[in-house]
Each structure stands twice: as structure tokens, then as C-alpha cells.
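Only one structure is covered here, and it is reproduced in the block below.
The values are calculated or read from the model by the stated rules, or taken from the named source; none is laboratory data. Because the structure is a prediction, the values reported are computed rather than measured. Every residue, glycine as well, gets a Cβ built from its backbone with ideal geometry; the counts of neighbours run over all protein chains shown. Surface areas here come from the heavy atoms of the whole protein model, side chains and all, with no ligands, DNA or RNA. Shrake-Rupley method; radii C 1.70, N 1.55, O 1.52, S 1.80 Å.
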Amino acid sequence: MSVALPLQAGIEAISSGVNYVWILVVCFLIFFMQPGFALLEAGQVRAKNVGNVLMKNMTDWVVGVLVFFLFGAAFSAMIGQLTTPGLAFDPAGAFGYITDPGTTGWIDWFFGAVFAMTAATIVSGAVAERMNFTAYVFVAVAMTAVIYPAMPGIAWGGTGLLSSNGFIGDALGVGYFDFAGATVVHMCGGLAGLVGAKMVGARAGRFDSNGDSQAIPGHSMLLAVLGTLFLAFGWYGFNVGTQATVLTAEGEFMGAALGRVVLNTTLGMGAGGVAAMVVSAAWQGKPDPLWTANGLLAGLVAVTGAVPHVTWWGGILLGLITGALVLPTFRWVVDSLKIDDVCGVFVVHGSSGAIGTILIPVFAAPGVLSAGVGTHLAMQVIGVAVIGIWTVLASIVVFGIADALFGLRVSDAEEEEGLDSSEHGISAYPEFVGDSGAGSPSSAVSVDGGRVETDGGVETDGGDNE
């Protein structure tokens, strides 16, 4: 019989303590993404709607953490139980983080909660400037109780439909790669936002009588770009923090694993920003700061699921591909689908998350794949499809219920007045003279992010920055 030496037991305790302190620190970094989202969205809406955007972002957090604690995290565990062969369905055990948290159960819950809040917050950027606040609160509750929690339930923690032990993973003999949530978090939020934007309808004046899109400039380039950089800072917690083990039980420092994650995170955002800058310059004649910011974020989303799995050059290529696609994909959403996604959350979070995650096996580092590239590619495509179908169908149901109960949209008069006043009775800029609406000077930041030539010169007309 082996007996642990006191020194060995001490190393294990120290390793565990260091790892959990690390988890708490990165959770605080991920929380810092909330002000990033708030600034980003506030900059891309008109001055009369800034307070409403800020209120929605705060609501995502204050309501979301309560809902995720009381039900969402347990629902995630139950989904994992139901979609893993041979795993008993134990609803009482799913609530163990509340009833019997042990030493670290509440920390583990908090780690899951900050990811849930990110998914929920993404939606607000798509439906900005015209959605009823009460209906939005209902959607935020559903996002943190059911829509998002199903995603980690099927893909993370070694259990669930897409894990190597789940029904699909077991059938293919491989698990689904999505390290920090490119699809589990970001694509889920991006698709839910796209569905919401479609069901709420376009803002007044977004399309003319011929169906052609019209620019509705936001009020602050400064806030939008600062929000982007805040998000990029918090993203280091999002990606690098998911490498939760920094010291093994034997006291070994996981420097190589941490290094690959931080390197690919940084290279992906850089490549995404450069690609979007180049494409915007070719498309519009001049490099656009908002499209560059969009590309930076798209590159981050693309590598979020891939950072520990791909080579450094794979991280660069994922950023380049998704950054280059931001502008044309946004124009397809607006011009072809006729969906008014104010902050372009689908292209940054939705399509970029899907593309980056599907391509992981193509750029996989040596030793990552346990089967052939084709098998892993099939698993990635199936996983993206499962997550996408669930999110779209569940979002349609939730937005439909919200519409029936509260009405999704404010009245035309309230939209014209601005949601700050009509929904909250406040003004974010009480001494602000003039509102940045359609026809505002070209110095205003555009929520569409590109430029089109007009008789009067250059009018800002281009995309997201979330």
C-alpha cells in the first residue's frame, strides 16, 4: 500500500490552490468584457438610445447571474446527463453546486457564469434601438436559463452529446473541439442575436422603399473602439483562462500549454484586424477603423475554440480568413437577408465562430488529432450544425413567446423619441445638442462600418463592432 508523503501532499494542495486562484483572476478578466460590450454597443447607436443599451448590458449581468445560479448551471448538467450513454439522470445532483458545493463548487459555478453572461450580452447588440425592454429581459432570462446552458451541457466537461463519451462522439470515436467557446458561447449568442434582429424587424429608416439599406450612423467612434480594446483585454481571460491548470498535481508548470493559447489568441486578433483593414481599403477606397476593429474581434472569436489545438501559423490563418470575410458577410446579411443586425453580431460572433471551429483539424498541431482529419472534420461540422440548429429553433420560440407576452418592439413614436426617454425616462447626454441619425455629418461613427460614395462626398455606411 502506497502512502503519500507529506511533501507530496503539500505540492498537490499548493497546485490546487494556485489553479483556483488563477481561475478566479481570469473570471474577473472575463467580467471586464461586460464594460467592453457596453462601450462597443453604446458607440454604435444614436445618442438617444445609449442609456437603453447600457441598461440592457447591466441587466444581462445582474439578472443573468441569478438565473444561471438558480437554474441555468443545473440545466447544463442535466443536458450532459441526458446525452451521454450510460450516465444516470440525476436532477438533484445537477444542483450540487448549490446544495453541496464542497471546497471549490462555487468557484466552478462562477467560472461557468462569466461565459454564460458573455453569450447573453451578445444578443443586445443585434436588437438595439427598437426592442421593448421588458421583452429583452425575458430573452436574457431564457438565454441564461436554457438556450446557452444547453451548449456546455452537450460539449464540455467530458460528457454530453458532442463529447467523446456522448452519443455522437462515441459513434464517430472522436470528441468535438471547442476549447473556450467559439461556437458554444459566441456562435450561440451571434445566432440568437440574428434571429432576434429578424423577428424584431429593422429600425425605421434602415431600408428605403426599394429595400436598399440606408446608413444610420452611431454617435461615438471613440466609445466603439475603446469597447473593442476592452474586449480584447478581457479575451485573454476568456481564452488563456480556460487553460485552468497552470500547475499539475506534481508541481509542473504548464508553460507550453499556456504559451500556445496566449500566442494563438494574440496572432488571431492581429491577423483578423489586418485582414479587415486591407479588405475595407480595397472595398471602400480607404482603411476603416470600425472594420479593423470588427476584424480584430472576428479573429479572436475564430481562434477561441482552436487556441490549444492549432499551430501558430494556423492561428494566423484563422484570423486572416475570418477577418477578410467580415465586411462581405455583413453586407450579405444586410443587403440580401434584409436583417438589421445593428452591431453585426452574426458576422463577428456567429459566422467567425463556426468557420474557426470547423477548420481546427485542418490546422491542428502535431499530436492533437486522435483520428484522421476527415473524421475530425465531420465531427466539427456536425457539432456546429447541432449548436446552430438548437440555438436558432430555441431563439425563435423564446422571441415568439416574448412577442406574445410583451410585444418585441416599441411603438413608432417611442422609437423616434429614443428608448432612453421612452423606456427609462432618462437621457445619457442631457446637454447634448442634436442627435446622430440618418443624414448626420460624416464624422459620426457608422453602425455599418463601410463607406459609400454619395453626391455630397463620402457617407459612412458599414458594420458591427462587437
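Scanning the stretch 306-331 for residues being closer than 21 Å to Val185 by Cβ and open to solvent by less than 20 Å² (accessible area, probe 1.4 Å) gives a total of 11.
So that you can scan it fast, the table gives a plain yes or no per residue for (1) modelled with pLDDT of 95 or more; (2) of a type outside the set (Phe, Trp, Tyr); (3) farther than 17 Å from Gly305 by Cα:
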residue	(1), (2), (3)
Tyr148	yes, no, no
Gly157	no, yes, no
Leu162	yes, yes, no
Gly175	yes, yes, no
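Here's the yes/no breakdown for (1) at pLDDT 95 or above; (2) of a type in the set (Lys, Arg); (3) over 26 Å from the mean Cα position of the chain (by Cα):
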| site | (1), (2), (3) |
| --- | --- |
| Gly205 | no, no, yes |
| Gln214 | no, no, yes |
| His219 | no, no, no |
| Ala224 | yes, no, no |
| Leu229 | yes, no, no |
| Gly241 | no, no, no |
| Phe253 | no, no, yes |
| Ala256 | no, no, yes |
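Is it the case, given these coordinates, that Val334 is open to solvent by 30 Å² or more (accessible area, probe 1.4 Å) and either assigned to a helix (DSSP H, G or I) or not acidic (Asp, Glu) (or both)? The answer is no for Val334. Whether a residue is over 30 Å from Ser15 (Cβ atoms), outside any loop (DSSP other than H, G, I, E, B) and open to solvent by 30 Å² or more (accessible area, probe 1.4 Å) was assessed, and Ala88 does not pass this test. On the stretch given as the stretch 167-215, residues that are in a helix (DSSP H, G or I) and touching a Cys at 6+ places or on another chain (Cβ under 9 Å) total 1. For the stretch 48-61, a tally of residues being surrounded by 22 or more Cβ atoms within 10 Å (Cβ to Cβ) and among the aliphatic types (A, V, I, L, M) returns 2. If Ala281 satisfies all but one of (1) surrounded by fewer than 16 Cβ atoms within 10 Å (Cβ to Cβ); (2) under 15 Å from Ala180 (Cβ atoms); (3) at pLDDT 95 or above, what's the number of the condition it fails? Unmet for Ala281, out of (1) surrounded by fewer than 16 Cβ atoms within 10 Å (Cβ to Cβ); (2) under 15 Å from Ala180 (Cβ atoms); (3) at pLDDT 95 or above: (2). Would a scan of the stretch 250-266 turn up a residue that is farther than 18 Å from Gly315 by Cα and touching a helix residue (DSSP H, G or I) at 6+ places or on another chain (Cβ under 8 Å)? Yes, the stretch 250-266 has at least one match. When Gly157 is tested against (1) over 27 Å from Ile339 (Cβ atoms); (2) surrounded by 24 or more Cβ atoms within 10 Å (Cβ to Cβ), only condition (2) is not met. Any chance the stretch 300-322 includes a residue that's closer than 21 Å to Leu39 by Cα, part of a helix (DSSP H, G or I) and of a type outside the set (Val, Ile, Thr)? Yes. Within the stretch 278-293, residues that are without any contact (Cβ under 8 Å) to a residue 12 or more places away in the chain have Cβ atoms under 7 Å from residues that are not in a helix (DSSP H, G or I) and not aliphatic (A, V, I, L, M) in these pairs: Ala281/Pro287, counting only partners at least 6 apart in sequence or on another chain. Figure legend. Inter-residue proximity from the stretch 18-37: first residues open to solvent by 10 Å² or more (accessible area, probe 1.4 Å), second residues of a type outside the set (A, V, I, L, M, F, W, C) and assigned to a helix (DSSP H, G or I), beta-carbon distance below 7 Å, spacing 6+ or different chains. Indicated pairs: Leu29/Gly234; Leu29/Tyr236; Leu29/Gly237; Phe32/Gly234; Gln34/Asn57; Gln34/Thr121. Only a single criterion out of (1) open to solvent by 30 Å² or more (accessible area, probe 1.4 Å); (2) farther than 20 Å from Ser352 by Cα; (3) out of contact with any Gly (no Cβ under 8 Å at 6 or more places or on another chain) is not satisfied by Gly241, namely (1).
Do we have any residue at all in the stretch 399-412 that's touching a Gly at 6+ places or on another chain (Cβ under 6 Å) and either at pLDDT below 95 or part of a helix (DSSP H, G or I) (or both)? Yes: one or more hits.
Table: residues versus (1) surrounded by fewer than 24 Cβ atoms within 10 Å (Cβ to Cβ); (2) without any contact (Cβ under 8 Å) to a residue 60 or more places away in the chain; (3) under 25 Å from Ala119 (Cβ atoms).
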{"site": "Asp178", "(1), (2), (3)": "no, no, yes"}
{"site": "Met187", "(1), (2), (3)": "no, no, yes"}
{"site": "Ala192", "(1), (2), (3)": "no, no, yes"}
{"site": "Val200", "(1), (2), (3)": "no, no, yes"}
{"site": "Ser213", "(1), (2), (3)": "yes, no, no"}
{"site": "Pro217", "(1), (2), (3)": "no, no, no"}
{"site": "Ser220", "(1), (2), (3)": "yes, no, no"}
{"site": "Leu223", "(1), (2), (3)": "yes, no, yes"}
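Is the stretch 73-80 home to any residue that is over 20 Å from Met187 (Cα atoms) and of a type in the set (Gly, Ala, Ser)? Yes, that holds for at least one residue. The set of residues in the stretch 9-55 that are closer than 24 Å to Asn294 by Cβ and among the acidic types (Asp, Glu) contains only Glu41.
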